[in-house]
1. Which condition number does Met493 fail, the rest of (1) over 15 Å from Pro443 (Cβ atoms); (2) among the hydrophobic types (A, V, I, L, M, F, W, C); (3) assigned to a loop (DSSP other than H, G, I, E, B); (4) touching a residue at least 12 places away in the same chain (Cβ under 8 Å) being met?
2. Please give the number of the condition Gln793 fails out of (1) in contact with a helix residue (DSSP H, G or I) (Cβ under 9 Å, 6 or more places away or on another chain); (2) open to solvent by less than 90 Å² (accessible area, probe 1.4 Å).
3. Quick one: would you say Tyr455 is open to solvent by 30 Å² or more (accessible area, probe 1.4 Å), of a type in the set (Ser, Thr, Tyr) and at pLDDT 75 or above?
4. Given the conditions (1) touching a residue at least 12 places away in the same chain (Cβ under 8 Å); (2) closer than 22 Å to Leu52 by Cα, and given that Lys772 satisfies all but one, which numbered condition is not satisfied?
5. Report yes if some residue within the range 475-495 is open to solvent by 30 Å² or more (accessible area, probe 1.4 Å), acidic (Asp, Glu) and on the phi < 0 side of the Ramachandran plot; otherwise report no.
6. In the range 16-47, which residues are within 12 Å of Leu93 (Cα to Cα) and among the β-branched types (Val, Ile, Thr)?
7. For residues that are basic (Lys, Arg) and over 22 Å from the mean Cα position of the chain (by Cα), scanning just the range 246-291, find the one that is nearest to Phe314 (Cα to Cα).
8. Here are Thr306, Thr316: which of them is open to solvent by 20 Å² or more (accessible area, probe 1.4 Å), hydroxyl-bearing (Ser, Thr, Tyr) and touching a residue at least 40 places away in the same chain (Cβ under 8 Å)?
Amino acid sequence: MRWARAGEQEGEERINVFDAAVRHIADHRAKGDKVVVSAWTEGSLDRLLQVLQEHGLERVVPVATLDAAMKLKPGEAGATVLSLESGFECGKLIVIGEQDILGDRLVRRGKRRKRNADFITEASSIDEGSIVVHAEHGIGRFIGLVTIEAAGAPHECLQLEYAGGDKLFLPVENIELLSRYGSEQTEAQLDKLGGVAWQARKAKLKKRLLDMAGGLIRIAAERQMRQAPPLIAPDGIYDEFAARFPYDETEDQAGAIDSVRDDLGAGRPMDRLVCGDVGFGKTEVALRAAFIAAMNGAQVAVVVPTTLLARQHFKTFSERLKGFPLKVRQASRLVTAKELNETKKELAEGKIDVVVGTHALLGAGVKFANLGLLIVDEEQHFGVKHKERLKELKSDVHVLTLSATPIPRTLQLALTGVRELSLITTPPVDRMAVRTFISPFDPLVIRETLMREHYRGGQSFYVCPRISDLEEIQTFLREAVPELKLAVAHGQMPPGELDDIMNAFYDGKYDVLLSTTIVESGLDVPTANTLIVHRADMFGLAQLYQIRGRVGRSKVRAFALFTLPVNKTLTTMADKRLKVLQSLDTLGAGFQLASHDLDLRGAGNLLGDEQSGHIKEVGFELYQQMLEEAVLEIKGEEQVSDSGWSPQIVTGVSVMIPESYVPDLHLRMQLYRRLGELSDLKEIDSFGAEMIDRFGQMPAETEHLLKIVYIKTLCRIANVEKVEAGPKGLVVVFRDKIFPNPAGLVQFISRQGTLAKIRPDHSLFLARDLPKPEKRMAAAAMLMTQLAEIAGQGK
């Protein structure tokens, strides 16, 4: 239906789409056609009809069936809910969809990047009693949801408490002004309501963040300016190499491979973080990159944290690169001194194409003839000194970092857009999540767990935090499960012995491998599907996650049992770590876990090596947002999320999600938080449809809430800080007394005649007769639609 967008064609002055729609309906009715207006949901149909009625559409009746539509009387139009992208004409029946009328009227400048676009959103909820941060008033405590009387109607608000017992009531539709403080709640000092300390602290932090962002951007910009030889995948032979991959690539994996290929061919040094869960196929991404680089004549160094992982990667790379003119070598504790010296010599002479090794590769004695690609696997294991050495190596070298749980600093660099990020969140076909159990140490449970795995033909890992624990557990296992063959492995064994034990375990000659965290990184034993961790409270969050990733790497359901000491109280953080880990039992949760870790520990100074930073001053979420804004400001890009303001809408209607509709407080808070992040009509409509689908027909108060959120999005486009509608008219207050299109606003006011005037405080007053709150809300929506459209024309 081209008529609806006629006003948007080039060279034509844009006409009001609503007037065009009303004229179009009138023309068809005059011809005797049956006209039906449709929308996706009841809510959007109500909104659409209200606006069309304001533009002169009369005599609209609801129709539920085709028969009812065909029986419409002359001069009537039908209205119905239909899931149609756009309308159609069929003989005498004309159906007009909401998109035919609305089209894409309001376009935001620039591409709207969602905050941390690649983030796997985890509904981090605000619970009663938790510390929160209000963008304008600072750190307070959330007491709960309360319903108060506002402009004569019940309105749900969040009650916040500040220093000295002061209270603040925040309307639910402005919830985006709140952010979580983070995990370290005990150290938070409540701010004084109305005090100046908060704004001063925020301004000071902003300055520090701008300096930090400047440093980060400088590093990234220097990297962008540097040249690196473009590495292009050789035609034909690359496809042959890719075809050797025995599985179908998952969608995310294919996306990551394409991104890496683009980066390698761009002529600039790549710096990409590939974050994928354990066993989701990150190694294949690295293999493809290594193949492209090596076939272009560049050397590839694969740096891994442990000798066992080096051995496994060496095996994988050698097998996949067999038959191609490429030489693969290993540099770790598992090779003899003679071999290692030989490898170093050949690297310097350029005779080796791919080398796999531990941080021995980062030693000063290792020289490369032509290093083109550096692949860092499980980078969370490398210390600051190793990372500094990596930086020296990589000024014009392509860098690919693989991690299941990136350390907070790397994650934050990726989230703020300084590093490129690829996420692999789709599990391979048939993969099942690992079932996780936490219990006090119980010999019977352990025996049963190990025997059950043995009876289904599998193997088990038993992991201890310290080498000193191994002997005690070995004695215990010999008594508890004498029928099982037990092997012991740890990092202080002679390399040959360790290699033999691991090979024997791979080949299924042992039932249980008792080891330290040496098995943590990247080991792939598909037949091992049960894991027991001794003293789980002594491990870090990412460590436990990595260890758990050793099982569940085939089509069989895997089990993980984390044991705790009997009769010993855990520290709060240990308790929190284990709870987080147990809750993250879905496939692909590694990224979520890293963001939990970012929340638990903070990211530290992104340019140096301190692990906890300025986050305590303003809380975790606001810090994250301010840092992203600082990076955008330094880059000179338009800011998408302008934190610190939220339009206020006062119309006198009741606004809430009633307890009778969604009884669970926790869930209501999550829904309010999600609503606070919606930004366009489509998102609001699909949210409304989801609500109806989950909880049934929406009560009027919840419909009002969605309408208020819609008006808010229009206010943001028109830079309107407050809309107040009363019985005699509407008052619009512009933020900082600025409107994006002043000339358009003057024309709009002159068209209104005596009904509109600008007040001395630069607010706009429109006289209207609005006795009922519903009428006021419709008028506010109508006015803001017009102002947003005028504002859009000025951009």
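The values are calculated or read from the model by the stated rules, or taken from the named source; none is laboratory data. No experiment lies behind these values; they were computed from the predicted model shown. Heads up, the Cβs are rebuilt from the backbone with ideal geometry, glycines too, and the neighbour counts pull from every protein chain shown. Ligands, DNA and RNA are excluded from the accessible area calculation, which covers all protein heavy atoms including side chains. Shrake-Rupley method; radii C 1.70, N 1.55, O 1.52, S 1.80 Å.
1. Failed condition: (4).
2. That leaves (2) as the condition not met.
3. On the way: open to solvent by 30 Å² or more (accessible area, probe 1.4 Å): yes; of a type in the set (Ser, Thr, Tyr): yes; at pLDDT 75 or above: yes.
Yes, satisfied.
4. With (1) touching a residue at least 12 places away in the same chain (Cβ under 8 Å); (2) closer than 22 Å to Leu52 by Cα applied to Lys772, the lone miss is (1).
5. Yes.
6. Scanning the range 16-47 gives Ile25, Val35, Val36, Val37.
7. Once the filter is applied, the top-ranked residue is Arg288.
8. Thr306
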